[in-house]
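Data block below; observations after.
The values are calculated or read from the model by the stated rules, or taken from the named source; none is laboratory data. Since we're looking at a predicted model, the values are computed, not measured. Note: ideal-geometry Cβ built from the backbone for every residue, glycine included; neighbour counts use all protein chains shown.
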2 protein chains.
Amino acid sequence: MKFEVLILGNSSATPIYERHPSAQVLNFNEQLFLIDCGEATQMQLFRYGIKSNKITHIFISHLHGDHYLGLVGLLSSMHLVGRKSDLHLYGPAPLEEILLLQFHYSDTNLNYKLIFHPTNPEKEEVILKTAMLTVRSFPLTHRIPCTGFRFDEGKRAATLNIEAVEKLKIPSVFLSGIKKGADYTSPEGTIYRSEELTYKAPSSRSYVYCSDTKPVDDYLEVIKGADLLYHESTFLHELSERAQQTFHSTALEAATVAKTAQVKKLLLGHYSARYKDLTPLLDEAKSVFEHTELSIEGNWFLV
Amino acid sequence: MKFEVLILGNSSATPIYERHPSAQVLNFNEQLFLIDCGEATQMQLFRYGIKSNKITHIFISHLHGDHYLGLVGLLSSMHLVGRKSDLHLYGPAPLEEILLLQFHYSDTNLNYKLIFHPTNPEKEEVILKTAMLTVRSFPLTHRIPCTGFRFDEGKRAATLNIEAVEKLKIPSVFLSGIKKGADYTSPEGTIYRSEELTYKAPSSRSYVYCSDTKPVDDYLEVIKGADLLYHESTFLHELSERAQQTFHSTALEAATVAKTAQVKKLLLGHYSARYKDLTPLLDEAKSVFEHTELSIEGNWFLV
């Protein structure tokens, strides 16, 4: 089952060097989620062949422009290309006021239903739960109210041991049950346990998005053990004072968070415009946490 | 003296085929004006090497997203790169409310002074006047209040007849006066008339921006005789009914406006996303008004 993230933007506040402000598409089993929506996200979606109408949920971390200024344009374009299906939007409460004001003055009445869910910047909350996925928002520490998001896959089904199934000529009607743990009794009365007929279910995967934030202990528990952690790394550690003042993290700090929270892999991003070459940020993070990669626009990363 | 316009965006509502929403830079004697500011204008400025801090005035025609959604990002980036000089912004009155709301929630306090001038969508008005330039806004006819803009160069100075000046060994202190029309009396008492020492001043130039609008008689008088007219041409004339419904113009209608108003040159733009190839729009307009060009992103057009 697909679970991967496409980077549409990896730049901090000022877009530069063809780097765009924050936006990502999470593909979970062919359902598309948009995480943050910086200016020009709709152009980036077009560039990378993502059909905006396949996006069902949008998550906005906070109201700094580089994380949401592409939203009105995207929502308007969805309307213009005839979207009819509901769209769920999660973000800081005032986002609704900002959208409604702009739709009012542009005389826009969306063809589709936009369902707004305000996030809570004060405490961790489950904001979406299906049989297959749970999404949480949790507080980050930034200049203005800001949340991270954690996406947890539900329990995964075991996969069949095809060889064993074929050898016993098990009718297909039983297979779904066997995958879910049911034993199988053959016409001769022999009982075969589910474990004998399947491979163990792979463990459930999780993706965490942390942008923008100072590195603080508060969110370590909620991001713990994630398979993939996207954590902002705006500066090199030589600018840690500047990072502190602006409520951002350095690459070293992002890596320390990843190590402490025992995540499997770290993805850096939200790079300051002062860095044309990003290698020093990667090197710095890797000195603390080896399993680190740079988020690069247009690249998909497996969760 | 430079007077030319750079196209940053020529697309109508939905950006596509690497075409961006409306934005233009007018360079008048190395003073830069921005006309409309669709999403990703700041990226387009960067792409074409325009320093945003050289922009002194911004003119917004109306509050459809494809004409102003790049504004908050651009104003914020100007702040982040340390702009100190005043910036004048002209646009529909509610634009101020929209900006202030977004600056409030992003906790942005601009380093520089943003001076807002609401435009009047009901009648033609001079909105800026210097010795060298006059700018007018005037009503267009669109779904929501919308204005066009006309930029008129002031009276141009005559150019010196260098040969005559050198022959008479006229001291340089007199030259500025001679260009402005003063006669020159030689040490021997001979009077030389300004006309003998100069070439006639070239006539003053004018640029007009009309996007978005139905073609109506109301604005013909104000755009009359312009050297360069940018007029939206969202559709081919076979979609004139759709143009009528959406308060837009066809290429044929834009050309008819240009012809009736006796402008010198027409620039088409604001192309619908349905046209990948723009040649049919150009051909259609040229069938009525020969001096027509397509506005193409990244191209400068002389006024």
Some residue of segment B:168-190 being under 30 Å from B:N27 (Cβ atoms), within 14 Å of chain A (Cβ to nearest Cβ) and of a type in the set (A, V, I, L, M, F, W, C): no
Criterion (more than 25 Å from B:G65 (Cβ to Cβ), in the same structural domain as A:D36 (by TED's automatic domain parsing) and in a loop (DSSP other than H, G, I, E, B)) met by exactly one of A:N120, A:N109: A:N120
Residues located in segment B:1-36, provided they are within 11 Å of another protein chain (Cβ to nearest Cβ) and over 18 Å from B:L229 (Cα atoms): B:A13, B:T14, B:P15, B:I16, B:Y17, B:E18, B:R19, B:H20, B:P21
Complete set of residues in segment B:143-157 that are surrounded by fewer than 21 Cβ atoms within 10 Å (Cβ to Cβ) and either modelled with pLDDT of 95 or more or within 14 Å of another protein chain (Cβ to nearest Cβ) (or both): B:R143, B:I144, B:P145, B:D152, B:E153
Test set (1) within 8 Å of chain B (Cβ to nearest Cβ); (2) at positive phi; (3) within 18 Å of the chain's Cα centre (by Cα) - A:A40 fails condition number: (3)
Yes/no for B:T213 being crowded, with 17+ Cβ neighbours inside 10 Å and over 30 Å from A:T108 (Cα atoms): no
Condition check for A:E195: under 30 Å from A:F174 (Cα atoms) and out of contact with any strand residue (DSSP E or B) (no Cβ under 9 Å at 6 or more places or on another chain): yes
Scope segment B:4-52; condition crowded, with 24+ Cβ neighbours inside 10 Å, part of a loop (DSSP other than H, G, I, E, B), touching a helix residue (DSSP H, G or I) at 6+ places or on another chain (Cβ under 6 Å) and polar (S, T, N, Q); matching residues: B:S22
Residues satisfying the stated conditions in segment B:257-281, i.e. free of Cβ contacts under 8 Å to residues at least 60 places away in the same chain, out of contact with any Phe, Trp or Tyr (no Cβ under 6 Å at 6 or more places or on another chain) and within 17 Å of B:S211 (Cα to Cα): B:V257, B:A261, B:V263, B:K265, B:L268, B:L281
Pick from segment A:158-173, criterion under 16 Å from A:D183 (Cβ atoms) and under 39 Å from the mean Cα position of the chain (by Cα), ranking: modelled with the lowest pLDDT: A:A158
Output for segment B:79-91, where each listed residue is within 9 Å of chain A (Cβ to nearest Cβ) and buried (at least 22 other Cβ atoms within 10 Å of the Cβ): none
Segment B:43-73: number of residues that are under 15 Å from the mean Cα position of the chain (by Cα), more than 10 Å from chain A (Cβ to nearest Cβ) and not aliphatic (A, V, I, L, M): 4
Which numbered condition B:S76 fails, given (1) at the interface with chain A (Cβ under 9 Å from one of its Cβ atoms); (2) surrounded by 24 or more Cβ atoms within 10 Å (Cβ to Cβ); (3) more than 22 Å from B:I16 (Cα to Cα): (2)
Yes/no for A:S106 being within 13 Å of chain B (Cβ to nearest Cβ) and in contact with a Lys or Arg (Cβ under 6 Å, 6 or more places away or on another chain): no
